[in-house]
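Comments concern the structure below.
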Amino acid sequence: MTCNLCGSEQQERLDLGEPLVRTGAYVQCPTCGLIYHSLPDSIDRMRDFYHSEYAGEYSASEVISRELALARINRLGKARALASLSPALEIGCANGEFIHELAGRDVEVSGVEPSRAMSEHARDHFGLEVVTGLYEDQPEKAAHYRLIAMFHVLEHVVDPTLTLQRIHRELRPGGLLFIEVPTLGDCQLSMVFKPIHPTVFVRETLEAMLAKNGFESLWIDEKGYHLQVIARPMEGQMPVTWPDPVSIRSRIKRYLATRQNVMDRIVSTLQALVGQKDGAIYGAGLNTLDLDNLFPLMQLDLEAVYDADPAKWGKQVLGLEICPPSELEAWHGSYLIISSYAFQEEILEQLAHLEKRGVRLVTLYEKS
Ligand SMILES: [Zn+2]
């Protein structure tokens, strides 16, 4: 196993702390600082994964996803006139919100999405041209696109260098690459170190990998958990600024310490609910599954899980039925746990009126 960024065969094991052992063996390259999993999945296993587990769990409510898509489009519009970005491709386009919004701004769009359920939604609901599958399996189109976007994808791919080289070939000169990956920022429960992320990027390693593969970064932003870059393909070699592995390592330490505090706070919040009658959870996504791993939720007296995504209604999570939030209007429980990091404040605002009826809204995250 060699480093995907600099090719070094040396690796230093990262100590992620006792409770995190199950997240696997992450290593850091002592030469360039890249953080990667020493036992990454094969591309075949990735295909299987995205066809099964991934399909049901990742979707957020449509309204919220639209807000996210609009924020990204807003950002892109500052870099380039949107109308000049046809044709555009989104790799891992999920339900298609981003390219749907782009299409509404006169951009010719298409997408690739490994999840069958999500790619179907993109086709049926938005009428988008979306292929079900992995980007790496599609026929290559040389110098074709003016925009390629990938949000929370590059950390999942088995060989990010190969993927970036292919993107470089598929972009026209002067085209744009818009990338977002999770990083060691803001601490939510969902962990950046998990085997489904073969590579964990920080700003310097992502920038170096882009430069090494012929991209010039035009704009970089790090907000909490998210690292965004807009870059363009260049001809020939780009100067690479090699990261400092020691400074990255100290950031990992800080990240893990902060995350431990977050987990401790969540456990004590949930512990305080033991013995209280008639509770429920808002949010049937991955966050709730992570929560259950941290603190077995069967210790609580929970009646149901509410979620804004109609695709989940009537299904079960943690042995509880998933119900539409409208049913909360007739619900007379005592507490409702808001199980979402990214949308905690929005959900709290939407449900504030329940408190007048005596429902206690329980939040799990402290945000500055
Ligand atoms: Zn390296």
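For the options PRO239, PRO114, PRO325, a Gaussian network treatment of the chain with springs between C-alpha atoms closer than 10 Å singles out PRO239 as fluctuating the most.
Per-atom-type breakdown for the chain gives carbon and sulfur 51% of the accessible area (1.4 Å probe, protein chains only).
Annotation for HIS144 and ARG357: the two label points, set 7 Å from Cα along the Cα-Cβ direction, are 5.2 nm apart.
Before rounding to the nearest 500, sum -39500 (n - 2.57) across all DSSP H runs of length at least 4 in the chain and divide by the residue total; then give [θ] at 222 nm in deg cm²/dmol. All intermediate terms of the calculation are to be shown ahead of the outcome.
On the way: 10 runs with 115 residues, N = 368.
Here the helix-only value at 222 nm equals -9500 deg cm²/dmol.
Our estimate of slack between ASP15 and LYS223, defined as 0.36 nm per intervening residue step minus the Cα-Cα distance, is 72.4 nm. Compute the Kirkwood hydrodynamic radius of the stretch 140-196, taking the inverse of the mean of 1/r over all pairs of distinct Cα atoms, and give it in Å to one decimal. Evaluated over the stretch 140-196, this radius sits at 12.8 Å. Per residue, the solvent-accessible area of the chain (1.4 Å probe, heavy atoms of protein chains only, all protein chains present) comes to 45 Å².
In the Gaussian network model of the chain, springs joining C-alpha atoms below 10 Å, which of LEU76, LEU176, LEU184 carries the largest mean-square fluctuation? Comparing LEU76, LEU176, LEU184 in the GNM, the peak value goes to LEU76. Once the mean of 1/r is taken over each pair of separate Cα atoms and inverted, the chain shows a Kirkwood hydrodynamic radius of 21.8 Å. The distance between label points at ARG254 and GLN165 comes to 3.5 nm (points 7 Å beyond Cα on the Cα→Cβ vector).
What GluC sites (Glu not before Pro) does the stretch 86-161 have in DSSP loop regions with at most 10 other beta carbons within 10 Å?
Counting only loop positions with at most 10 other Cβ atoms within 10 Å, the GluC sites (Glu not before Pro) in the stretch 86-161 are GLU140.
ASN293 to LEU39: FRET efficiency via 1/(1 + (r/R0)^6), r the Cβ-Cβ distance, R0 22 Å, to the nearest 0.05? For R0 = 22 Å, the calculated efficiency reads 0.60.
In order along the stretch 205-222, phi translates into HN-Hα couplings of 6, 5, 5, 5, 5, 5, 4, 4, 9, x, 10, 9, 7, 8, 7, 9, 9, 10 Hz, rounded to whole numbers, per the Karplus curve 6.51 cos²θ - 1.76 cosθ + 1.60 with θ = phi - 60° and x for Gly and Pro. Principal semi-axes of the equivalent ellipsoid, √(5λ) from the alpha carbon gyration tensor of the stretch 183-317, are 40, 19, 10 Å from largest down. Under 13 Å of direct C-alpha separation, and excluding same-chain neighbours fewer than eight residues apart, LYS212 reaches these aspartates and glutamates: GLU204, GLU235.
Divide the volume of the convex hull of the Cα atoms of the stretch 70-196 by its number of residues and quote the answer in cubic angstrom per residue.
Details: hull volume 15.5 nm³, N = 127.
Dividing the Cα hull volume of the stretch 70-196 by its residues yields 122 Å³.
Considering only Cα atoms, the convex hull volume of the stretch 77-148 works out to 79 Å³ per residue.
Bridge orientation summary for the stretch 274-362: considering DSSP beta bridges with both residues in this region, about 15 percent are antiparallel. Bins of 10 Å, beginning at zero and ending with the bin holding the largest distance: percent of Cα pairs per bin for the stretch 37-255, please. Bins of 10 Å from zero give 8, 34, 40, 17, 1 percent of pairs. Each residue, ASP124 and LYS78, gets one label point 7 Å from its Cα in the Cβ direction; the gap between the two is 3.8 nm.
The antiparallel fraction among DSSP beta bridges confined to the chain stands at about 45%.
Strictly over 31 Å apart at the Cα level, which of LYS194/LYS367; LYS78/LYS141; LYS223/LYS356; LYS141/LYS253 would you flag in this model? Provide the component values of the computation, followed by the final result.
Numbers: LYS194/LYS367 23 Å; LYS78/LYS141 27 Å; LYS223/LYS356 34 Å; LYS141/LYS253 42 Å.
Pairs exceeding the cut-off: LYS223/LYS356; LYS141/LYS253.
Scattering from the C-alpha atoms of the stretch 274-362 alone, worked out with Debye: what is log10 I(q)/I(0) at q = 0.18, 0.26 1/Å? These q points yield log10 I(q)/I(0) values of -0.74, -1.61.
The values are calculated or read from the model by the stated rules, or taken from the named source; none is laboratory data. Here the structure is a predicted model, which is why all the values come from computation and not from measurement. When we count neighbours, we look across all protein chains shown, and the Cβ atoms used for this are built from the backbone with ideal geometry, even at glycine. The protein model used for the area step is the full one, side chains on, heavy atoms only, and it has no ligands, DNA or RNA in it. Shrake-Rupley method; radii C 1.70, N 1.55, O 1.52, S 1.80 Å.
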